[in-house]
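**Student:** Before I ask anything, let me first share the structure, which is written out below as structure tokens.
The values are calculated or read from the model by the stated rules, or taken from the named source; none is laboratory data. From a predicted model like this one, the values you see are computed outputs, not experimental measurements. No Cβ is skipped: glycine too gets one built from the backbone with ideal geometry, and neighbour counts run over all protein chains shown. Accessible surface is based on the protein model in full, side chains and every heavy atom, while ligands, DNA and RNA are left aside. Shrake-Rupley method; radii C 1.70, N 1.55, O 1.52, S 1.80 Å.
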Amino acid sequence: MIFNSLTYLVFLCVAVVLYRTLGRRMRLWMVFLSSCVFYGFWRWEFLPIVLFSTATDYIAALQIARHANRRPRVVWLCTSLAVNLGLLFYFKYTAFFVENVWSGLALLGIDAPPFILKITLPLGISFYTFQTISYTVDVYRRIIPPEKDFVLYAGYVMFFPQLVAGPILRAKEVIGQLSRRGPFELTDLGAGLRRIVYGLFLKVFLADTLAGIVDNGFGMPAASLGAWDVWTLAFLFGFQIYFDFSAYSHIAIGSARLMGIRLIENFNFPYMACSPREFWQRWHISLSSWIRDYLYLPLCGATVEDRSAGGLGKAAGTAKGVRTTYALFATWAIMGLWHGANWTFVLWGLQHAAIIVVYRAGAPVRERLPQVVRVYGGWAVTLGFAMLAWIAFRTQSVSDAGALYGRLLDPQAYLWRGLKEQTYLLTALMLGATVLCAVAQQYALPVIRRRRFLWATVETAGLAAITALVIIFLRPINQFIYFQF
Amino acid sequence: MPPVAAFALACLLIPLLFGGKAIEFRDAALPEGTSSVFASVDGIPIHVQMLDEAEQGIAGAMQRIAGKRILWLGNSQLHAVNQYVEGQETAALVLHHRLRAQDADLFTFSYPNINLQECYAVFEYLRTRLPMDVLILPVVYDDTREDGVGGDFAAIFADGPTVSHLERTRMGRAMLVNRVNSEGMDAFAGIRRTTQERVEKHLDSWLAHHSRIWELRPQARGKLFLYLHYLRNFVFRITAQTKRPMIPGRYALNMEALHACLSVAAEAKIKTLVYIVPLRRDVAIPYVQSEYDAFKKDIANAAQNHGAIFADMEDVVPAEFWGQKESTTGGKNMELDFMHFKAEGHRLLAEQLWDILQRENLVETTLTQ
């Protein structure tokens, strides 16, 4: 089921009312079953895969906790990882793997017969796989005890607001909240509704409107685009994916909040980051925190954290040495591949790793710069880089990405253009609005909030405008971009 | 509570802002003062705007005995009449009558702001259905600023014979790669082939029947973008007379499409008449003169390279037959219309084309069914 639909709004109303009225046992069953229905509304035939993955980790975690010796614990942990990663590999990477093996054979002069493989990617498999892995690993690390109640545990893994595109949650952050329902509070209702309306606005009005322009621009041959067009398209796609993905997180967080459950924040104005490190403390925070705790820090040999917040940057700073650089590149290559089975995603990840290395190496020079240059210069460079990296993420092949990057290096291409004037205008507006929102959030809103009547008026007017736009534009015309991951 | 109050306010705002006079967005490029006129003969359309309507028109055309079959493929200039008075005829109808008298047949397809890539795709689609001897292709400078194939032409990419035609040219293959751009016009595209699709369609249709606000949504979406368009024009002082610079990247793609179209037509033994469309000359043109001159030269060269007939019809319609359209900023003042003209202009255009068709022996008759 996708959020930007009437079906979801009706479904959510029913789920919230039931959640608020049923007794504990029935409520947990309701969360589990409603999550099955939510998932099944996309494709029922893929529901057994989610259930199988969930059940595997439930059993593995119980077995790990039951044994004190390292060996059986490792065996059960490996079983869980093999099942989860095996499913992920089969559904997501088999075709990519085969294609690359075939290309490799062709390079060696071996003419292999054509191999056509069509595997449908189960919705959200990358997200729920990471969530179940984190649960089993946390039990193995003795950070949390295993959950004995399967329905409660399955409710955590399959909790419908975040099932298909995160935030990727840690068991200890959610299981307790699901187990003990907090009292009904009007503030939860208000906050939840605000987040849902705001998320729908970002998705149905902004992201979906940008989608057509971005698709059209990236559909043009690279040779017909000028260098400024490439910059413009990179920024536009950067805004599209930000609005699209943060919209999903807003709606997920808002939906959970209606039930009194607080999920962690997944975005915090990432395009206001003043360094690559800060960017990853603000963008897809739950994924970068996951990568930090279950991949990067173990690869570095550093102490792991245990929270789905904080992002990659800060913790990454605790590990030092050459090993961290290797770990960084390996982590980012895997992070890229997690997004999709294509070398373009690896390229995107490696670009981020490279800029982090450059940023670290430039620290002595940076420290000598005046504060204002460090902050604003850092912001401009980080923003420009993050946007350009999206080109690799959006294009269909590395050669397409190379062709677009090539335009940026061609001085002649700065005198050529292939987009309409309004596309540049729209990009400038988006950038301006994003900066304005971040500044308003930090400086203006706290002042206005102190004046209750003024705040109520401003908020109601603003919400009315975006609610009207949501009503007008609410259509399941596009899936969320991250559904394909 | 603000979210509830905001919802109530939003429900009041939508009918208030968007509930007025409905706009026919099919004629989005044709504002007040300009009317769309699609001619029919004996109840059968001889001039259409959409691919689905074309089927009926082509079926009718195939029933008429004709020595030569001609397709006229262009933008809204062919169906828009300024300051239209009931009973007036478009160029398409005038030329159709002329041709029928010579046992030839004319079928016209025109779509607002159709670019040359779309023209090429539509030509490939129509020629699989309508055997034709002549293609009349007006080329409009403005439309070379457009790019890609719009969603209204999505059916082209679902049509096997057309796809195999398109695969034969580089431009056609590029269109097929990007055909995804032409999908997604369906409001339910995000849930296609899922269980949710049925439920969503049911809920949507139920609401559309029971809620005035829900029913208003398509109008509201269109009007909102129109208001934003007016706002942009107002802020940047854009009027009908503002110079539109060439967009080199798009121009190059459209020229490639033109070459593909002319080459395919020549290969299929379809004689092509390419003409530069009439342009209002009583005031400064809204183009950069040097760019416009280069454009005309490029079209003439393309026609020559592919053995097509070229005609510069820029001066065919005199100043008095051009009309006015509503303000580009949504104001009350009317502005000069550079694209569409009055019925008299249509008649002159048809006569001029008729002369060329005769002069080039494109309507000599050998009756066939």
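**Student:** Yes or no: the range A:46-54 includes at least one residue that is within 14 Å of chain B (Cβ to nearest Cβ) and either under 22 Å from A:M335 (Cα atoms) or surrounded by 16 or more Cβ atoms within 10 Å (Cβ to Cβ) (or both). Give the steps one after another, and end with the answer.
**Tutor:** Our first condition is that a residue be within 14 Å of chain B (Cβ to nearest Cβ); within the range A:46-54, this holds for A:46-47.
Then keep just the ones that are either under 22 Å from A:M335 (Cα atoms) or surrounded by 16 or more Cβ atoms within 10 Å (Cβ to Cβ) (or both); that gives A:46-47.
For the range A:46-54, residues within 14 Å of chain B (Cβ to nearest Cβ) and either under 22 Å from A:M335 (Cα atoms) or surrounded by 16 or more Cβ atoms within 10 Å (Cβ to Cβ) (or both): present.
**Student:** Got at least one residue in the range B:336-356 being open to solvent by 20 Å² or more (accessible area, probe 1.4 Å), farther than 16 Å from B:L78 by Cα and free of Cβ contacts under 8 Å to residues at least 60 places away in the same chain? Let's see the steps before the verdict.
**Tutor:** Let us first name the residues in the range B:336-356 that are open to solvent by 20 Å² or more (accessible area, probe 1.4 Å), namely B:336, B:339, B:342, B:344, B:347-348, B:351-352, B:355.
If we keep only those that are farther than 16 Å from B:L78 by Cα as well, we get B:336, B:355.
Then keep just the ones that are free of Cβ contacts under 8 Å to residues at least 60 places away in the same chain; that gives B:355.
Looking for residues that are open to solvent by 20 Å² or more (accessible area, probe 1.4 Å), farther than 16 Å from B:L78 by Cα and free of Cβ contacts under 8 Å to residues at least 60 places away in the same chain, one finds at least one in the range B:336-356, hence yes.
**Student:** All but one of (1) in a helix (DSSP H, G or I); (2) modelled with pLDDT under 95; (3) surrounded by fewer than 18 Cβ atoms within 10 Å (Cβ to Cβ) hold for A:A68, so report the exception by its number.
**Tutor:** Looking at each condition in turn, A:A68 falls short on (1).
**Student:** While we're looking at this one, here's another question. Considering only residues that are charged (D, E, K, R) and in contact with a strand residue (DSSP E or B) (Cβ under 8 Å, 6 or more places away or on another chain), look in the range B:249-300 and name the one that is farthest from B:I356 (Cα to Cα).
**Tutor:** First, the residues of the range B:249-300 that are charged (D, E, K, R): B:250, B:256, B:267, B:269, B:271, B:280-282, B:291, B:293, B:296-298.
If we keep only those that are in contact with a strand residue (DSSP E or B) (Cβ under 8 Å, 6 or more places away or on another chain) as well, we get B:271, B:280, B:282, B:296.
On the way: B:K271: 13, B:R280: 21, B:D282: 25, B:K296: 18 Å.
Result: B:D282.
**Student:** Take the range A:168-178 and flag every residue that is open to solvent by less than 30 Å² (accessible area, probe 1.4 Å) and touching a residue at least 40 places away in the same chain (Cβ under 8 Å).
**Tutor:** Step one: list which residues in the range A:168-178 are open to solvent by less than 30 Å² (accessible area, probe 1.4 Å), which gives A:168-171, A:174-176, A:178.
Result: A:I168, A:L169, A:R170, A:V174, A:L178.
**Student:** Okay, next question. If we scan the range B:305-313, do we find a residue that is over 16 Å from B:P138 (Cα atoms) and open to solvent by 60 Å² or more (accessible area, probe 1.4 Å)?
**Tutor:** For the range B:305-313, residues over 16 Å from B:P138 (Cα atoms) and open to solvent by 60 Å² or more (accessible area, probe 1.4 Å): present.
**Student:** Among the residues in the range A:107-114, are any in the same structural domain as A:L28 (by TED's automatic domain parsing) and either outside any loop (DSSP other than H, G, I, E, B) or open to solvent by less than 10 Å² (accessible area, probe 1.4 Å) (or both)?
**Tutor:** yes
**Student:** Taking the condition of being surrounded by fewer than 12 Cβ atoms within 10 Å (Cβ to Cβ) and within 11 Å of another protein chain (Cβ to nearest Cβ), how many residues in the range A:443-485 meet it?
**Tutor:** Final tally of qualifying residues: 0.
**Student:** Right, another one. Which condition number does B:F157 fail, the rest of (1) in contact (Cβ under 8 Å) with a residue 40 or more places away in the chain; (2) outside any loop (DSSP other than H, G, I, E, B) being met?
**Tutor:** (1)
**Student:** From the list A:Y8, A:Y39, A:Y90, pick out the single residue that is hydroxyl-bearing (S, T, Y), within 14 Å of another protein chain (Cβ to nearest Cβ), without any contact (Cβ under 8 Å) to a residue 60 or more places away in the chain and part of a helix (DSSP H, G or I).
**Tutor:** A:Y8
**Student:** Considering only residues that are modelled with pLDDT of 90 or more and hydrophobic (A, V, I, L, M, F, W, C), which ones fall in the range A:459-485?
**Tutor:** Passing the criteria: A:A461, A:L463, A:A464, A:A465, A:I466, A:A468, A:L469, A:V470, A:I471, A:I472, A:F473, A:L474.
**Student:** Please enumerate the residues belonging to the range A:428-442 that are of a type outside the set (A, V, I, L, M, F, W, C) and within 14 Å of chain B (Cβ to nearest Cβ). Give the derivation first.
**Tutor:** Looking only at the range A:428-442, we keep the residues that are of a type outside the set (A, V, I, L, M, F, W, C), and these are A:432, A:434, A:441-442.
Of everything in the range A:428-442, just one residue is of a type outside the set (A, V, I, L, M, F, W, C) and within 14 Å of chain B (Cβ to nearest Cβ), namely A:G432.
**Student:** Now a separate question. Taking the options B:A294, B:A302, name whichever one is surrounded by 16 or more Cβ atoms within 10 Å (Cβ to Cβ) and either closer than 21 Å to B:H259 by Cβ or touching a Leu at 6+ places or on another chain (Cβ under 7 Å) (or both).
**Tutor:** Result: B:A302 is the single residue among B:A294, B:A302 that is surrounded by 16 or more Cβ atoms within 10 Å (Cβ to Cβ) and either closer than 21 Å to B:H259 by Cβ or touching a Leu at 6+ places or on another chain (Cβ under 7 Å) (or both).
**Student:** Could you tell me which numbered condition B:A189 fails, if it satisfies all but one of (1) within 30 Å of A:A222 (Cα to Cα); (2) under 24 Å from the mean Cα position of the chain (by Cα); (3) facing chain A (nearest Cβ under 9 Å)?
**Tutor:** Condition not satisfied by B:A189: (2).
**Student:** A further question on this structure: Identify the single condition in (1) over 10 Å from the mean Cα position of the chain (by Cα); (2) open to solvent by 10 Å² or more (accessible area, probe 1.4 Å) that B:P112 does not satisfy, given that it satisfies every other one.
**Tutor:** Among (1) over 10 Å from the mean Cα position of the chain (by Cα); (2) open to solvent by 10 Å² or more (accessible area, probe 1.4 Å), B:P112 violates only (1).
**Student:** Being farther than 15 Å from B:H340 by Cα and at pLDDT 90 or above is the filter; apply it to the range B:63-89 and report the residue that is most open to solvent (accessible area, probe 1.4 Å). Working first, answer last.
**Tutor:** In the first step, residues of the range B:63-89 are kept if they are farther than 15 Å from B:H340 by Cα; the result is B:63-73, B:86-87.
Filter again for at pLDDT 90 or above, leaving B:69-73.
Numbers: B:R69: 20, B:I70: 2, B:L71: 0, B:W72: 0, B:L73: 0 Å².
Top of the filtered list is B:R69.
**Student:** Looking for whichever is surrounded by fewer than 20 Cβ atoms within 10 Å (Cβ to Cβ) and either in contact with a strand residue (DSSP E or B) (Cβ under 8 Å, 6 or more places away or on another chain) or under 15 Å from B:M50 (Cα atoms) (or both) here; the options are B:R173, B:R127, B:R168. Which one fits?
**Tutor:** Numbers: B:R173 fails: either in contact with a strand residue (DSSP E or B) (Cβ under 8 Å, 6 or more places away or on another chain) or under 15 Å from B:M50 (Cα atoms) (or both); B:R168 fails: either in contact with a strand residue (DSSP E or B) (Cβ under 8 Å, 6 or more places away or on another chain) or under 15 Å from B:M50 (Cα atoms) (or both).
Just one listed residue meets the conditions, B:R127.
**Student:** Let me ask something else. Could you grab me the full set of residues in the range B:230-241 that are of a type outside the set (A, V, I, L, M), open to solvent by 50 Å² or more (accessible area, probe 1.4 Å) and either at positive phi or more than 9 Å from every other protein chain (Cβ to nearest Cβ) (or both)? If you could, list the steps in order and put the result at the bottom.
**Tutor:** To start, the set of residues in the range B:230-241 that are of a type outside the set (A, V, I, L, M) comprises B:230, B:232-234, B:236-237, B:239, B:241.
Subset that is open to solvent by 50 Å² or more (accessible area, probe 1.4 Å): B:232, B:234, B:236-237, B:239, B:241.
B:F234, B:R237, B:T239, B:Q241 - these are the residues of the range B:230-241 that are of a type outside the set (A, V, I, L, M), open to solvent by 50 Å² or more (accessible area, probe 1.4 Å) and either at positive phi or more than 9 Å from every other protein chain (Cβ to nearest Cβ) (or both).
**Student:** Restricting attention to the range A:277-289, which residues are farther than 24 Å from A:Q396 by Cβ, of a type outside the set (S, T, Y) and open to solvent by less than 10 Å² (accessible area, probe 1.4 Å)?
**Tutor:** A:F279, A:W280
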